[in-house]
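Okay, so here's the structure we're looking at.
Read-outs throughout are calculated quantities, based only on the coordinates presented, and are distinct from any laboratory measurement. Please read all numbers here as calculations on a predicted model, not as lab measurements. All Cβ positions, glycine included, derive from the backbone under ideal geometry; neighbour counts span all protein chains shown.
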Amino acid sequence: MARSAPGDRARRSHLRSRHSARSTIWRRRWDALEADQRGYLADLVEIDLWKPVDGTTPEGRIFSRPLGMLLLRVPTHAAHHRSELATMLTMVSAPPPDTGINSYYREKSQTGSR
């Protein structure tokens, strides 16, 4: 078994505590962002989903899409990334995780989460 240099244990402990502090800061920021987004979505009414949102493509073209269409893009894009991850894991002979929505809600109901 390899031996550690004299300061390694203290250095690792210091790095762990810095990582933990950073994680706590990011968790607070994420929770605040999520609460803000949930509040925004909760305040939307159906007519808001049809309001146009203007944007610019990377090529400089201006476009307009209904807000509802852009909001729908979020979960479909997330599904795209989940399928990419599943493909990469399969390519290295690792079993991809279950990313099904039914499994997600079943797990949440078993833990008592909302």
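Looking at the stretch 39-59 only, could you name the residues that are in a helix (DSSP H, G or I), more than 19 Å from the chain's Cα centre (by Cα), within 28 Å of Tyr104 (Cβ to Cβ) and not acidic (Asp, Glu)?
Narrowing the stretch 39-59 to residues in a helix (DSSP H, G or I): 39-43, 46-50.
With more than 19 Å from the chain's Cα centre (by Cα) added as a condition, the list becomes 42-43, 46-50.
Cutting the leftovers down to within 28 Å of Tyr104 (Cβ to Cβ) gives us 42-43, 46, 48-49.
Of everything in the stretch 39-59, those that are in a helix (DSSP H, G or I), more than 19 Å from the chain's Cα centre (by Cα), within 28 Å of Tyr104 (Cβ to Cβ) and not acidic (Asp, Glu) turn out to be Ala42, Leu49.
Of all residues in the stretch 61-114, how many are of a type in the set (Asp, Glu) and more than 17 Å from the chain's Cα centre (by Cα)?
First pass over the stretch 61-114, keeping only residues of a type in the set (Asp, Glu): 84, 98, 107.
Then keep just the ones that are more than 17 Å from the chain's Cα centre (by Cα); that gives 107.
Looking only at that region, the number is 1.
Residue by residue through the stretch 60-97, note down the ones that are loosely packed, with under 12 Cβ neighbours inside 10 Å, at negative phi and either touching a helix residue (DSSP H, G or I) at 6+ places or on another chain (Cβ under 7 Å) or not in a helix (DSSP H, G or I) (or both).
Passing the criteria: Arg61, Ile62, Phe63, Ser64, Val92, Ala94, Pro95, Pro97.
Identify all residues within the stretch 36-62 that are within 19 Å of Leu72 (Cβ to Cβ) and among the hydrophobic types (A, V, I, L, M, F, W, C); write none if there are none.
Of everything in the stretch 36-62, those that are within 19 Å of Leu72 (Cβ to Cβ) and among the hydrophobic types (A, V, I, L, M, F, W, C) turn out to be Leu41, Ala42, Leu44, Val45, Ile47, Leu49, Trp50, Val53.
Just wondering, is there one or more residues in the stretch 34-54 that are without any contact (Cβ under 8 Å) to a residue 60 or more places away in the chain, touching a strand residue (DSSP E or B) at 6+ places or on another chain (Cβ under 7 Å), closer than 23 Å to Ile101 by Cα and not small (Gly, Ala, Ser)?
no
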